[in-house]
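Before any comments, here is the structure.
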Amino acid sequence: MSLSWQQLHHLVGASSDEEVSTVFTGIGALDDAGPQDVSFLGNPRYEPQLADTAAGAVLVPEGDYSVSDTCRFISVPNPSGAFSKLIDYFQQQANPFVPGVSSGAHVDDGVSLDPEKVRVAPGVVIERGAVIGDGTRIGPGCLIGSEVVIGRDCILHSGVVVRERCTLGDRVVLQPGCVIGSDGYGFDLVEGRHQKVPQVGIVKIDDDVEVGANSCLDRARFGATVIGEGTKIDNLVQIAHNVKIGKHCLVVAQSGVAGSSKLGNYVTIAAQSGVAGHLEIADQAILSAQSGLLKNISQPGVYMGTPARPMKAEQRKMAAVARLPKLREELRDLKKKLEDLLPE
């Protein structure tokens, strides 16, 4: 697990004609990195730490930085993004892909996979008709239902459930404990009893999606619940049946999207927000934390509050509400003055 000076530059997309003998073996924060570690400056507030860091190299934004005797600076357009490439590199070196199907896994005879190109851990159950793409890793205790299709280079961490007929694209990451294709929540009241509405659709996840730990994506009543390419879903998120989420959206922890709602591309749903059912959200709209959306959003922008409204309008309302106690005192004083002026 090491990188030469030239290999480091190549990995982060930089160039250098300088010959440096240092070999880099790890990564670290500015305040605890060592001479063989690479660090990064991701926020200007930490710039004073550059003078004291012991890191062998630091990824910095393009600009002028004072020269250090012990540390070399590498200019890149996005230090945080470049540093993520380093993290991926060292993680891959520490946990290399070792193909094979564990003897402790149960794989039905009708499953399509190449045991020399996939990794299946102990305790995994893969039911009949499933298709597993090359380069995919399935962690301990996962359940892959019948006729599930999983693309190439996916990572399913421990305890993931992908129920029958759901599909995953390439490079999908499912964090521990998430459930793909659980029944949608639907009941009809018949003769005083709640009667379950059958949920016979699927969940369709496109390429490069990540779903966080213990999140649930419900199968459609019919058709498909769809998660678009590049979308990232945080931990403890609920996506209901027949929801359609566009490309490169962010859905943050403890949020929920109710049935049949549609999110455009590059939509952000911040933490602990709720979206009611059968709504549509325009491309590039942002729903701020702890908001409740009760009607469609037709224009991009930031929305907040319950019911969610454009941010500036909601902030004016919040400012007005904050002034109410003072206004009440002023009205009480005015009333007393008027009463003193009026004859008995």
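Throughout, read-outs are computed from the coordinates displayed, never taken from laboratory work. Quick caveat: nothing in here was measured; it's all calculated off a predicted structure. Heads up, the Cβs are rebuilt from the backbone with ideal geometry, glycines too, and the neighbour counts pull from every protein chain shown.
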Zone of Tyr46 (label point 7 Å along Cα→Cβ, backbone N under 18 Å): which residues in segment 1-19?
-> 12
Counting Lys +1, Arg +1, Asp -1, Glu -1, what net charge surrounds Gly201 among other residues with beta carbon under 13 Å of its beta carbon?
-> +3
Calculated FRET efficiency, Ser158 and Gln290, Cβ-Cβ r, R0 30 Å, to nearest 0.05?
-> 0.45
Okay, which of segment 182-207 sit inside 20 Å, backbone N to the point 7 Å along the Cα-Cβ direction of Ser146?
-> 182-184, 198-204
One point scatterer per Cα, no solvent, Debye formula: log10 I(q)/I(0) for segment 70-164 at q = 0.13, 0.15 Å⁻¹ comes out as -0.51, -0.61
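Using a simple charge model, +1 on the beta-carbon of Lys and Arg, -1 on the beta-carbon of Asp and Glu, nothing else, what dipole does the chain show about its Cα centre, in debye to the nearest 20? Provide the component values of the computation, followed by the final result.
Numbers: 32 positive and 41 negative charges, 349 e Å.
Computed charge dipole of the chain: roughly 1680 debye.
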Could you state the principal axis extents of the C-alpha atoms in segment 5-94, from the largest down, to the nearest angstrom?
-> 32, 26, 23
By the gyration tensor of its Cα atoms, with a ≥ b ≥ c the square roots of the eigenvalues, what is the shape of segment 253-344: rounded for a/c under 1.5, prolate for a/b over b/c, or oblate?
-> prolate
Given Lys317/Lys337; Lys117/Lys232; Lys204/Lys232; Lys204/Lys262; Lys196/Lys295; Lys312/Lys335, the pairs whose alpha carbons are separated by over 23 Å | Lys317/Lys337; Lys117/Lys232; Lys196/Lys295; Lys312/Lys335
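Hey, with R₀ at 22 Å, roughly what FRET efficiency would Val131 and Asn214 work out to, going by the Cβ-Cβ distance, to 0.05?
Details: r = 26 Å, r/R0 = 1.18.
Efficiency for this residue pair is about 0.25.
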Inter-probe distance in nm under a simple model that places probes 7 Å from Cα toward Cβ, at Glu229 and Lys326 = 5.3 nm
Where in segment 224-258 does the amide nitrogen come within less than 16 Å of the point 7 Å from the Cα of Asn265, taken along Cα to Cβ?
-> 227-232, 245-250
Rounded to the nearest 0.05, what FRET efficiency do Asp283 and Asp108 give with R0 = 35 Å and r taken as the Cβ-Cβ distance? Could you check?
-> 0.25
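For the chain, just say rounded, prolate or oblate: build the C-alpha gyration tensor, square-root its eigenvalues into a ≥ b ≥ c, call rounded for a/c under 1.5, and beyond that prolate if a/b exceeds b/c, oblate if not.
Oblate.
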tail above 20 Å in the computed P(r) of segment 172-275, as % of all Cα-Cα pairs, reads 32 percent
